[in-house]
Structure formats: structure tokens, C-alpha cells
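Accompanying notes for the structure given below.
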Amino acid sequence: MRVTATVNGSPFSCDVAPGERLVDVLRAHGLTGTKYGCGSGECGACVVLLDGEPVNSCLVVLPRIEGHSITTIEGLGTPSVPHPIQEAFAEAGAVQCGYCTPGMVLSAYALLQRNPHPTREDVAAALDGNLCRCTGYVKIIDAVMMAAARLRGEALS
Amino acid sequence: MNEYDTTVVGHSVRKLDAMGLASGRHTFTDDFALPGMLHARLLLSPHAHARITSVDASEALVLPGVVSVVSAANAPRVFHTTAGQGFPEPSPHDSVMFDWKVRHVGDRVAVIAAVSEEVAEAALGLIRVNYEVLEPVFDPLRALEPGAPVIHDEPEAHAAIPVVYRPKQNLAASAEFSTGPVDEVWDQATHRLDRTYQVHRASHCAIEPHEVIAYLDPDGRLILRSSTQVPFHARRIVANVLGLPVGRVRVIKPRIGGGFGGKQEVFLEQIAGLLCLRTELPVRLRLTRQEVFMTSRTRHPQHLRLRSAADGEGRVTLLDLDTVLDTGAYGSHALTVATNTGSKVLPLVNRTRAVRFRARSAYTTLPVSGAYRGYGATQGAFALNVQMDEMARDLGLDVLELWRRNHIRSGESSPVFQALGEGTEGVPMSIRSCGLEQCLEQGSKAIGWEEKRGRGGNGRLVRGIGMAALMQGSGIPRIDMASATLKLNDDGSVNLLVGATDLGTGSDTILAQIAAETLGIRADQVVVYSSDTDLTPFDTGAYASSTTYISGEAVRRAASDLAGKIIRVAARMMGTELHGLSLRGGLVIGGDRVVAVSDVALRSLYQEDQEQLMGMASAWGEVSPPPFSAHFAEIEVDTLTGRIRVVRYVAAVDCGVAINPALAQGQTEGAVMNGIGYALCEEYLMDDRGRMRNGSFVGYRIPSSRDVPDLVTILVPTYEPTGPYGAKSISEISINGPLPVISNAVYDAVGVRLRSSPFTPDRVWRLLKGE
């Protein structure tokens, strides 16, 4: 079957077998920033935004995205023109192995879209579905707080 | 304490690959597809212990899309160890790719390569395997008893070095030593404790599953792109198992999604490599999450019996540790985790008159144990620290005071260092940097030890605090080796080629900082390429807290070599003597005269006395200077449910000079959270047939962002004279804290002594009820 959607702002269409998962299709199309960690929606490494909302792309079958908009980590920023959240992750020391980072960044992006003034508890709750084994989360939460302040236009403490 | 006035070392330089990772651009093993690539899936044993009487793959082979099936029927039978360790390996050679016997649920029976994962998966059900089921052994103590079923009855299993190895008795390894009059000290002591502790199995849970992609280059060489901590060991082991010269194998390490010891194992590369050689097609073999739990490696569970004695002055006079490790179905790291249980723990208490240690690693028909961050020290530190807390209470002393009176100090040695090595005798060592005293001081202040200790209470929620003293090592002395090459580019930047393996720790950045400091340039002028067996010089790999200390020293020496050559050319350009020239800010400076390093490079590459200026050096550790640490936690016990919540956690760590303080903090925070998960919730739930019932992140819960307490890291600076710029390593030590700290804090809160891990609500609740 043919599925048509928007991926990172550009029209996207492809032929897929029924039951094919979004994570595999994105990765097969070169968007390898979306990672596989568990294949069952438990770790968040494959999080992408579906109409702005974070979803585990390993649980999304392709027909679900028909006519919808997908944002992957590649759509958020580039190494030379990063999104402020990506910048903050690099600066705060929130990236160790980096395998969970794309999903973390996208979950954080969705949070800051709906709540520009999060507390540390809000951030922890929003990232609850994104597992990280390297960092202990402290610097990830620091990074999201830093990015929130910057996106609000506040000077950094 | 810093003996150098450093401009790059000691600064929290941004991790070099952070932005490439945060933008999803860096590539991991799986982010790399080749045309025509096959996908492999493993058929795993449903039985804990069985003989395979027949394997019939004929039905699977006729399924369209199936290209190759390998099992015991057609696999090379080369006995090896999957443990990625120095050569010859101290772990027993008791593994083949596929055997006629399976030794745990999840053991490898066969592998299928097909045009897609779906086809491979469908074909798994078409392989007909007949098993003769044998009696399993799930208890390591029972495994060592006479008459227990023999798990490794194959005649080929052997030890590669002269050590005790008795597979007919299920004894995979053993080690012991004794010093001083043990029985006399015990008999005469006024205060004695004899307790048993149990520490459980756990999974590393790197978010990236184990994976390898194998392909042939145009000359038919086998290329392995692998998520490994040990590329050079992988090359050697794969070449041996597949009967290839080492020169016909190349291992490439891309970005790695975490390792924690789990990727110090070479158990997939040979399988993907064999399929690739047989089919002459690229082959991808990636474990599912459930397979990671079942068929990769785990932490060794241990039954530890610790006896200690003390005199009335609060001097601990005896430590006597006897432990049995459950190494599971194979003896990967069976000896070395055993010895580290003593060698990375017992020296902490250093006023003893006698010390005895015995460790035995038993085969069982359970998941395979192996290297896991902490590597025995986690298990031993639990027993020691819980017993020190109990001994302090017997003596009427504050446990902090007991530690102050007994802990090892700078300038001291311990007989343990020489007695316990890694498969051989150890190396005598005097401690030259020890910040444990300051760790105890600063950590206790930060947690509020004096104010909060012993407050308890009678309500539903009761708080308590606890502490632990810890040590680890920095590499394996006289075994671990690292090397580095540097070359100078036109613009004064350098390429740094290292065999050291950054698996997410930030070691590429730390090594760049060391090179930059030595060469007087910025860290971002160092282009790091790490871990490719064709292109980078040798390194034993990322394990045993070796990278900063040993690989860092290799880089320092290589950079120093290059610096000398730069200065020689600059002196010629200045028409001056070498003496008095130094490198700073991208310049060679000699009094009031200055030459840019880039001009030195241009001259050397294009103009006069042309040569590529390069530096090259190797390093190995003569000693293994321990990082030291004191951990503290305030916890809250819900006496109604048995649930423990960590409120505040303080880790004070002496890692010498922290090359990059932010990365050192990150190592500490990550290790502490891994340790908290291990203490409170991570656990293999096995059924009575040896099957794991919770092989997913829902069933096997690891900490999430909501589980983080108020977590404070204090870096206590010392200066280690044998380390690069005064550094020691830091990656492992902090995982050892939470188990004893939380146990001791629970005792402080509610008077219940937790000697078996993990401290799940049901266990705590039962103890609270006096069961």
C-alpha cells in the first residue's frame, strides 16, 4: 500500500507492507537518528513527533501516519544550526553515548511547546518514557531547564 | 593540588561528539546498511540443560529468502572464551559457537541468515531440534557439591593459563590467599562478626542492543562493524575461531550506545563473520531486547561470607571473605571478577593483622555472567560496608569514625595488591594519591551526617542515612596496554589515532584534551579517530577503568613526542637552541621569539627538510592507582509497603585530577543511578525451569528520570603522580555505592539489616514484619 505524509516538512510517500513500523521505514529512508532500543515502546529511543506529539515510532504502523506530519531528530536542527534544545544538551553534558539523545530531545521539544515554564519535576515527568543508562538524567534535566530559559529569552544563570 | 598550570586539562570542554549525537548525525553500528545485506536471527535454547540429539534445518532452508543456517552440525568447533581480555585470556576456554549441548535457557542452538528479519524469524520455527533434557542446576552452592550434574562435560574445555579449573566439579575458577594469623586473631578478638550476604544478577541495559554487521572488502577480508568495547580482542578471537590470520580481519567501532562491560564480550562477531564468509554477502546480526537479557552477559551473583574482628580501640584486625560466584553457563570473567571481589575491596581496611580471601566461581545452568561495571568490587563492597556499619554499632562507634581509624592512606601498601592479580599474582603497589579522608569529610557534611544520623521515627514514612567507602582501580597493571599516534596538519591541527574505545564515556574528548594540553593547542584542534583495527594503533579496550589512566598516558607520551619534533623544527626556524622553547596557544615560544605551529607544519610538509611530523607512543600500567570514594544517602522507608525512596544522594569521589570535570560528574551520576536501580528494582525473575520471566523494560525496570534523587557529586582533587596530568580513572567506582549505602540507611531508619539484594518492597516489608 502507498502512504503519503509529511516528514520534516517535506512531502513523503512510499509503498509499504501492512504492519510495517514507522521506525523501520524512517531508518530505511536514511533517517537513522531515530534509534531502535527495544521494539516495544518501552525505552523511547525511537521517539518521533506525530503532529507535534511524541510517539514511540516502533509502535506506529505506517497507515497511522497517512496525511499526518512527522518530525524526526534530523528535522529539528543540524550540527551547524542546532535547535536550542540540542545546543543545551551538548553544553550541559547531557550527551554521553547519545543513543537515547534524539528521543530525549524530541520529548523535551514537545514538552516545551506545551509548557514553556516547566519545573524540574515537569521535565522529569515528560522524559519518563525515555530511558537513559549513561547519564543518570541529572544533566539531561539541566539541559532542558537551560533550553527552556533560553527559549523564553531569559539570560542564563 | 594540580601540579601543572593547565589550560585544557581540568576544564569541562564540551564533549567533541555531543552535537553530532544530539542532532542524530553520528552513526552507530545499525545506522549503516549495505546492498544485499542479510539479516540473521538466533535460535535459542528453551531448556536450561539439554543435549541436542539432532538438528534438522532442511525445512528452514527451503523457505524462500533463507540463505544459510548454521548450527552445531556445521559450525567450526574451536574452543575459546567470549571474554574480551588480554592474551592468553584468564577465562576458561569453554565455549564454541554452537555446541551439541545447551547450558541455559537462551543458549545458542542455531543461526539463520535470510533476506529480511521477518523471513529469518519465520524460519526459526522450521528448524527441528531434538533435545535430551538433562537435570538443571540453579544454585551455585549446589553446583559445587559432589554429585551435581556436570555442566561442562566436554573434554575440550580447558584453561589457557595455569590456574585452577575443574569443570567436572562445576568449578570454573578459584582463587585464594591468606596473610597473618587468621585463626589466632579471630579467636582472641573482643568483637567479631560472621555474616552472609547475597548479591543478585543484573543486566547492563545499554540502550543500544548488541549488534554486528559483517561484510567482505573487495580483497575478501572480513570486516566487522561492531558495537564492541574491545575491537582488538574481537579481532583476535574472531580470527582464531574462524581460522583466519589476524591480518584478514578488521574490526571497526562506530559510535557505541553504551557498554558497561556488556560489550566486553565477543559472542556475536564470530557468528556474523561465519555467515558472511559462507554466503559472501553482508550480514547483520542484532539482538532483540529480550535476547540481550537472555543470551548476552550479566553481573555475577555472589554468596559472600565475611568474617571480621575488631579490638576495643576500633581497629579492625581481621577480614576473612569467602565467596561463591554464579558464573552461569560459561566462565566468562569467572576468575577475574572473583579476584576483583577481594582486590578492589579488602585493601580499603588497612590496619588488619590478618586477611584471608577465597573465591570460587561455579557453573550453573543460568544466564551467563561476565564483566559488568564494578566487576566484583560491587559485590565485595556491599558485604564489607554493611559489615563495617554493623561492627561500628557493636563497638559503639560512629561508622565514619570506624572508617577513619582503619582506611588505607597515601603512602601505604596492602598485601592484597600483590596477592591478587588477574589470573596471575598481583603487583605490589604503594598508594600515592588517596583522597578518601576528604571524601568522608566533604560527603558527610553534604549529607548532614551529624544532624540526620539515628533520627528514625515511628510514623509510616521513616528516614535514615547510610554511607559506604569505596575503591576501584585504574586499569590492569602489566596487562592493559594502549597506544596513540598523532600527526600534525597544515593548520596546526592534529589527527589523534587511538585504539581506545569511546563507548559513550567521552574518552575521545578526554584524550583530545590531554593531547591539546601537551601540544599547547585547543581541544577542538584535535581530530580524534578511535578504534579501527586497520587504522589505529593497538589498545586492549575500554574496561577495567583503564582509558583515562592508560590510554591517556599513551596520548600524553605521543603528544610529547610530537611536541619535541615541533620544537626541533621551530628552533631551526628561529636559529636558536632547543632549550627553553615551549608550546602554548598554537605557538612555539622562546623568550621574545615566536613561531606558529602552523608555520612549523607548513615548512615541514611543503618547504624544507620535508617530513610528516608525527608522535607515537605506548603505555601500560606498572600499578593500578585506585580512585577512592565515599557515598552517602538519605532514604525514606514506607513502613506500610516496604518501599524505599532515595531522597538525597552524595557521591564524593577522588579520581586524581579530573581531566574533564563535567564528564567525570556524568560518569558518577550515571553509575550512581545504575547502582540505585540495581539496589531497588532491577532483578532477573526466573521460573523453576530457568526461564527469565521479565525480559523487557516493563518487566525489568531500570531507573527513569522520575527516579532521580537530589544527586550531588563532589570531585575531591588529588594528584596521582603516575597518571597523565595527575589523573586516575572514574568510570566504575560509583556503581558500588548504592547497594551498601541504602542497606545501611535502611538500618538507620528502621533497624532492619538488608543482607540480600535487591531491596524490593516485598523483601523489605517481610523483614519489617520480622519474617
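Just so you know, all these numbers are worked out from the coordinates, no wet-lab data involved. Predicted model, so just to flag it, every value in this text is computed and none were measured. With ideal geometry, Cβ positions are generated from the backbone for all residues, glycine too; neighbour counts draw on all protein chains shown.
A few points about this structure:
- Neighbouring partner chain Cβ atoms per residue of A:135-147, average, 10 Å criterion: 5
- Mean Cα-pair separation over length for the range B:537-627, i.e. relative contact order, pairs under 8 Å, 6 or more apart, %: 34
- The alpha-carbon of B:Lys769 sits under 15 angstrom from the alpha-carbons of these aspartates and glutamates, leaving out residues fewer than 8 places away in its chain: B:Asp638.
- Per residue of peptide B:256-263, the mean number of Cβ atoms on other chains within 10 Å of the residue Cβ is 4.
- Cα gyration tensor shape of the protein assembly as shown, rounded if a/c is under 1.5, else prolate or oblate by comparing a/b with b/c: rounded
- Neighbour-count order for B:Thr190, B:Thr82, fewest beta carbons within 10 angstrom listed first: B:Thr190, B:Thr82
- Model label sites at A:Asn115 and B:Thr53, defined 7 Å from Cα along the beta-carbon direction, differ in position by 6.2 nm.
- Size of electric dipole in the range A:1-137: Cβ of Lys, Arg +1 and of Asp, Glu -1, about Cα centre, debye, nearest 20: 160
- Whole-number percent relative contact order across chain A, with pairs defined as alpha carbons under 8 Å at least 6 apart: 23
- Length gained when the stretch B:Glu412-B:Met614 is fully extended (0.36 nm per residue, less Cα-Cα span): 68.7 nm
- Proximal lysines relative to B:Lys168, as straight alpha-carbon distance under 28 Å, when same-chain residues fewer than 8 apart are discounted: B:Lys101
- Taking all Cα pairs closer than 8 Å and separated by 6 or more residues, the relative contact order of chain B comes to 15 percent.
- Residues of the range B:682-711 with an amide N closer than 15 Å to a point placed 7 Å from the Cα of B:Val133 along the Cα-to-Cβ direction: B:687-692.
- Potential extension, B:Ser430-B:Arg766 segment - 0.36 nm per residue separation minus Cα distance: 116.4 nm
- Subtracting the Cα-Cα distance of B:Glu118 and B:Glu280 from their residue separation scaled by 0.36 nm leaves 56.2 nm.
- Remark: B:Arg460, B:Arg225, B:Arg201 ranked as B:Arg460, B:Arg201, B:Arg225, counting other beta-carbon atoms within 10 Å and listing the fewest first.
- Per-residue Cβ neighbour rank within 10 angstrom, fewest leading, B:Arg41, A:Arg114: A:Arg114, B:Arg41
- Sites B:Trp100 and B:Asp5, calculated FRET efficiency, Cβ-Cβ separation with R0 56 Å, nearest 0.05: 0.30
- Kyte-Doolittle mean at least -1.0, axial Cα span of 27 Å or more - DSSP H helices of chain B: B:552-574, B:661-680
- Cα gyration tensor, chain B - rounded (a/c under 1.5), prolate or oblate: oblate
- Of all lysines in the structure, those lying under 30 Å Cα to Cα from A:Lys35, and not within fewer than 8 positions of it along the same chain, are A:Lys139, B:Lys15, B:Lys253, B:Lys263.
- Coarse-grained scattering of the range A:10-157 at q = 0.10 Å⁻¹, given as base-10 log I(q)/I(0) from a Debye sum over alpha-carbon atoms: -0.33
- Karplus (6.51, -1.76, 1.60) ³J(HN,Hα), θ = phi - 60°, over the range B:718-731, in Hz, Gly and Pro reported as x: 10, 10, 9, x, 8, x, x, 6, x, 8, 10, 8, 9, 5
- Dipole magnitude (debye, nearest 20) for the range B:162-265, charges at Cβ of Lys, Arg, Asp, Glu: 640
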